[in-house]
Amino acid sequence: MNLKQILALLLLLTVVYVGFSSAAYTGVSEDNDDTPCGTPCSSSRECSNEQCSFCNPDTYTCSLRLRKNQMNMTRTEIDRFVGAINRMKALGIYDQFVLLHAITYPEIRYGPVLHKLKCVDQAEKYRLSEDCLNWAHKGNLFLPWHRQFLREFEKQLAAIDPEVTVPYWGWGSGWPGQESVDPQVNHLFADYFMGGNGDPNHNFHVMNGSFAQWPLRYSTGLLSVLTRQFDGTVPLPSSEHVLAVLNTTMYDLPVWQGPDDKSFTFRNMLEGNVGLEGWIGPPFMHNRVHVNTGGCMNRDSSPNDPLFWLHHAEVDRLWAIWQKKNPGATYVPVDGPAPPGTLRHEYMAPWDGKFNTPDFHYWYRFQVAAPESTRTRISDMDVDITTLGYRYDNMDP
């Protein structure tokens, strides 16, 4: 190969690399014509239909994106998932999702002093103010907000590697090995996947695995690298707990209750704010998994630990199962007194045209996670997940 050919090859590689980086950052994939579901394919890059954007490796047709039980993932699938996350981190995209999750808490969004003046000292305003609302936790929005959050994250993974989807961790399924932190039993905690517990001799920093010593850009709790501190005194939810929650038929009380809601409804129980008599806690269910894992997962900035995505994919899967069991039950409240952005027909913050614009002081730091063009109503997420373009490999509890 002569010098001219070498220079031409280098130029080609540079163009390919820059194009790949741009697509990963903006979420833009190849500009294909809209391909209907069932179209033959050899790669997901050939599937541009929003609902069927995934090339099914079994049928080689454009299909729904498949979220797999992490225990069923092949080593190649794990490597691609881990690689896409590390690429997101290198591009600065991953940390945008961490920040967005953290500022769902109004005390983080506005700071403790202003939050106290605006919200804590004015009880009625706290109940009905958009400024004082927790966008994603301790209330009705918990499930639709995190479903949209997962979708936006998965879009960014697919922009880097279109074959990658978010797997789930069936912590309460009762399936063999899911509750184990032994990498010989559960490869989720193996060196080639998430790594294990933090090292108590190094402030519980995670020292092994694909995200060992991961630096943190945004963190509540003064953490500088990825940490875990497994808490054996707070065991994971059991399959009996999961079944009890799934047998609850009311999504939420029809009138907005606020962050101190103690009702035994599906959303409130799955989030983990209440538990049935005889259950050890609080915390319960979803909240218990965060506490059990500890470290970064037990912070407002919990997406700093990539385990977050597998945990919340399981929460979303359980909601999808509940939706199939209760086809007539929908998100509430539908009307009545409630903070703006919490009624079923309203847009969710920050995908609402207010908080995902330059007018909001934080937006420029999470604009990839909440593009200015995106508008998402609560009702958009309160649907059969197949209409959103994905499915789970197992819909049994």
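The values are calculated or read from the model by the stated rules, or taken from the named source; none is laboratory data. These numbers come from a predicted model, not from an experiment. For neighbour counting, all protein chains shown are included, and Cβ atoms are generated from backbone atoms with ideal geometry for every residue, glycine included. Heads up: the accessible areas ignore ligands, DNA and RNA and are worked out on the full protein's heavy atoms, side chains in. Shrake-Rupley method; radii C 1.70, N 1.55, O 1.52, S 1.80 Å.
Would you please name the residue that is nearest to I160 (Cα to Cα), looking only at residues in segment 49-58 that are open to solvent by less than 40 Å² (accessible area, probe 1.4 Å) and either out of contact with any helix residue (DSSP H, G or I) (no Cβ under 7 Å at 6 or more places or on another chain) or not in a loop (DSSP other than H, G, I, E, B) (or both)?
As a first pass, look at segment 49-58 and keep what is open to solvent by less than 40 Å² (accessible area, probe 1.4 Å): 49, 52-56.
Then keep just the ones that are either out of contact with any helix residue (DSSP H, G or I) (no Cβ under 7 Å at 6 or more places or on another chain) or not in a loop (DSSP other than H, G, I, E, B) (or both); that gives 49, 52, 54-56.
Numbers: N49: 17, C52: 17, F54: 14, C55: 15, N56: 18 Å.
So the residue we want is F54.
So which helices (runs of 4 or more DSSP H) are wholly in segment 61-157 and hold at least 3 residues that are modelled with pLDDT under 95 and within 18 Å of the chain's Cα centre (by Cα)? Break it down into steps so the answer makes sense when it comes.
Working: elements: 75-91, 93-102, 106-110, 112-115, 123-128.
Passing ranges: none, list empty.
Taking the condition of being open to solvent by 80 Å² or more (accessible area, probe 1.4 Å), touching a strand residue (DSSP E or B) at 6+ places or on another chain (Cβ under 9 Å) and part of a loop (DSSP other than H, G, I, E, B), how many residues in segment 325-349 meet it? Even if it seems obvious, please write down each step before you answer.
Start the filter on segment 325-349 by keeping residues that are open to solvent by 80 Å² or more (accessible area, probe 1.4 Å), which leaves 325, 327, 335, 337, 345, 347.
Keeping just the survivors that are touching a strand residue (DSSP E or B) at 6+ places or on another chain (Cβ under 9 Å) gives 345, 347.
After this cut, where a residue has to be part of a loop (DSSP other than H, G, I, E, B) as well, the list is 345.
Matching residues across segment 325-349 total 1.
Residues in segment 193-234 that are modelled with pLDDT of 95 or more, within 21 Å of the chain's Cα centre (by Cα) and exposed (fewer than 14 other Cβ atoms within 10 Å of the Cβ): P215 alone.
Taken over segment 369-397, the residue count meeting the criterion of being acidic (D, E), out of contact with any Pro (no Cβ under 8 Å at 6 or more places or on another chain) and more than 27 Å from Y94 (Cβ to Cβ) is 2.
I'd like the full set of residues that are at positive phi and either out of contact with any Ser or Thr (no Cβ under 9 Å at 6 or more places or on another chain) or at pLDDT 95 or above (or both), limited to segment 159-192. Steps first, answer last, please.
Taking segment 159-192 as the starting set, the residues that turn out to be at positive phi are 174, 177.
The one that is at positive phi and either out of contact with any Ser or Thr (no Cβ under 9 Å at 6 or more places or on another chain) or at pLDDT 95 or above (or both): G177.
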